[in-house]
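The values are calculated or read from the model by the stated rules, or taken from the named source; none is laboratory data. Only a predicted model underlies this, so the values are computations on that prediction, with no experimental measurement involved. All Cβ positions, even for glycine, are placed from backbone atoms using ideal geometry, and neighbour counts span all protein chains on display. Ligands, DNA and RNA are excluded from the accessible area calculation, which covers all protein heavy atoms including side chains. Shrake-Rupley method; radii C 1.70, N 1.55, O 1.52, S 1.80 Å.
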Amino acid sequence: MTLEEQDKQYILQTYARDYTNFVKGVGSTLYDEKGKDYIDFASGIGVNSVGHGNDILTSAICEQVKNIIHISNLQVIEPQAKLAQKIVELSGYDMGIFFANSGAEANEGAIKIARKYGETKFNNKRYKVITLEHSFHGRTITTVKATGQESFHTPHFSPYPDGFSYEKSIEDVYKAIDDETVAVLIELVQGEGGVQPFEKGEIQKLARHLKTKEILFIVDEVQTGVYRTGEFLASNLYEIEPDIITLAKGLGGGVPIGAVMTKHKEILSVGDHGSTFGGNYLSTTAGLAVLDILTSLYESGTLDEVLIYFSQKVKELVDKYTHLFEKEVGLGLMRGLRARNTEIQAEVLKNCLKEGLIVLKAGRNTVRFLPSITISKNEIDEGFKRFEKAISAL
Ligand SMILES: *Cc1c(COP(=O)(O)O)cnc(C)c1O
């Protein structure tokens with residue numbers, strides 16, 4: 001039985017899967033079982049923030065797992081408390097943190113906090129959450145309903161929880177607010193929806209408005225967080241102070257972890273929320289190592305150099321291949337090329353893999369780049385060389 005046959009027989013087929021079998025990773029290079037190398041511009045969908053086989057991360061994990069991997073949240077967990085302090089300090093916001101295991105779960109926590117806030121802070125019960133079209137917030141029944149893409153709300157899984165509505169633009173959010181609205185949930189750069197950043201002034205204005213209305217501003221930083229945009233949080237880059245922020249993807253460097261942080265530390269009390277695995281020794285030790293690696297990259301100025309270098313390369317491509325790409329989109333190390341149509345997008349993705357380059361797709365015909373934050377200039381050069389080769393015939 002081949003690996004592909006085994007996968008098809010025993011794994012529920014929920015992904016349009018590629019069957020390249022990767023067996024080794026070094027930095028931003030992956031090797032398949034035949035020894036062919038691939039430059040990784042996807043980093044496991046923004047997860048391998050410090051690349052593959054990072055010495056500092058792997059030795060921190062190995063040391064920890066030889067000792068305690070997991071106890072329960074009924075006991076205090078030292079690396080969990082340390083990681084929470086580190087995240088709060090880096091963010092600059094006076095917040096408390098709850099650790100979960102994924103982005104969807106972090107957003108579930110955010111919605112629970114908002115619901116309880118809406119239940120306890122006002123005379124009438126407020127429960128409605130406004131999100132945006134082209135957003136993505138996760139795959140649980142609630143977060144799929146929070147996702148502003150109709151294709152996700154298939155009748156197969158209905159009925160969905162009430163209280164979510166979607167607006168076309170930030171401007172439309174103002175009109176949608178009513179006296180049952182408790183929160184607005186957005187990504188500052190819509191990732192899955194097409195690597196589309198919002199304008200800073202527009203976001204700051206919304207933040208001020210929500211504050212005067214005592215409506216919570218929830219920023220989903222599952223993809224934008226942990227230095228992806230060049231700052232620790234995209235909220236730092238946009239210079240706003242959200243009520244609630246969610247994190248996941250890049251935080252554990254590949255170890256599953258999610259986090260919801262809020263300045264409303266008093267809302268949840270004992271028994272309101274929980275998670276068996278959330279914030280255990282393994283994931284929070286990984287998170288601490290990831291933040292050590294990335295903060296020194298940030299402080300040395302290397303991160304800034306890398307993201308300017310990467311964005312220059314993307315700009316050169318748009319200028320050179322106008323017949324394929326409409327424009328470049330994104331921020332920091334979260335970049336995309338808007339293909340002129342879906343066929344071009346599909347061809348680019350297919351050819352890249354053939355040429356030994358892993359890129360991602362995203363909504364609105366976007367070819368997406370989410371390299372690891374530690375990617376080297378050499379790997380960037382080699383990746384774009386392969387990209388040009390892949391698209392040269394199109
Ligand atoms: C990936 C993603 C999620 C979902 O994260 P999971 O870990 O897959 O549950 C939620 N929000 C955003 C913005 C994401 O990019």
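Scan segment 158-196 residue by residue and report those that are within 16 Å of the ligand (Cβ to nearest atom) and either at pLDDT below 95 or open to solvent by 40 Å² or more (accessible area, probe 1.4 Å) (or both).
Those that are within 16 Å of the ligand (Cβ to nearest atom) and either at pLDDT below 95 or open to solvent by 40 Å² or more (accessible area, probe 1.4 Å) (or both): Y166, E192, Q196.
Please indicate, with yes or no, whether at least one residue in segment 18-38 is of a type in the set (A, V, I, L, M, F, W, C), buried (at least 16 other Cβ atoms within 10 Å of the Cβ) and outside the structural domain of Y281 (by TED's automatic domain parsing).
yes
Listed here are the residues, each with its yes/no results for (1) among the aromatic types (F, W, Y); (2) outside the structural domain of T246 (by TED's automatic domain parsing); (3) surrounded by 24 or more Cβ atoms within 10 Å (Cβ to Cβ); (4) not in a loop (DSSP other than H, G, I, E, B).
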| residue | (1), (2), (3), (4) |
| --- | --- |
| F99 | yes, no, yes, yes |
| E119 | no, no, no, yes |
| N124 | no, no, no, no |
| S135 | no, no, no, no |
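Step by step: first the residues of segment 42-68, then only those that are of a type in the set (D, E, K, R) and in a helix (DSSP H, G or I), then the one that is nearest to the chain's Cα centre (by Cα). Which residue is that?
So the residue we want is D55.
Table: residues versus (1) modelled with pLDDT of 95 or more; (2) within 24 Å of G253 (Cα to Cα); (3) within 16 Å of the ligand (Cβ to nearest atom).
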{"residue": "N48", "(1), (2), (3)": "yes, yes, yes"}
{"residue": "G53", "(1), (2), (3)": "yes, yes, no"}
{"residue": "Q85", "(1), (2), (3)": "yes, yes, no"}
{"residue": "I97", "(1), (2), (3)": "yes, yes, no"}
{"residue": "N107", "(1), (2), (3)": "yes, yes, yes"}
{"residue": "R115", "(1), (2), (3)": "yes, no, no"}
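Answer with yes or no whether L303 is crowded, with 20+ Cβ neighbours inside 10 Å, in contact with a Phe, Trp or Tyr (Cβ under 9 Å, 6 or more places away or on another chain), assigned to a helix (DSSP H, G or I) and in contact (Cβ under 8 Å) with a residue 24 or more places away in the chain.
The answer is yes for L303.
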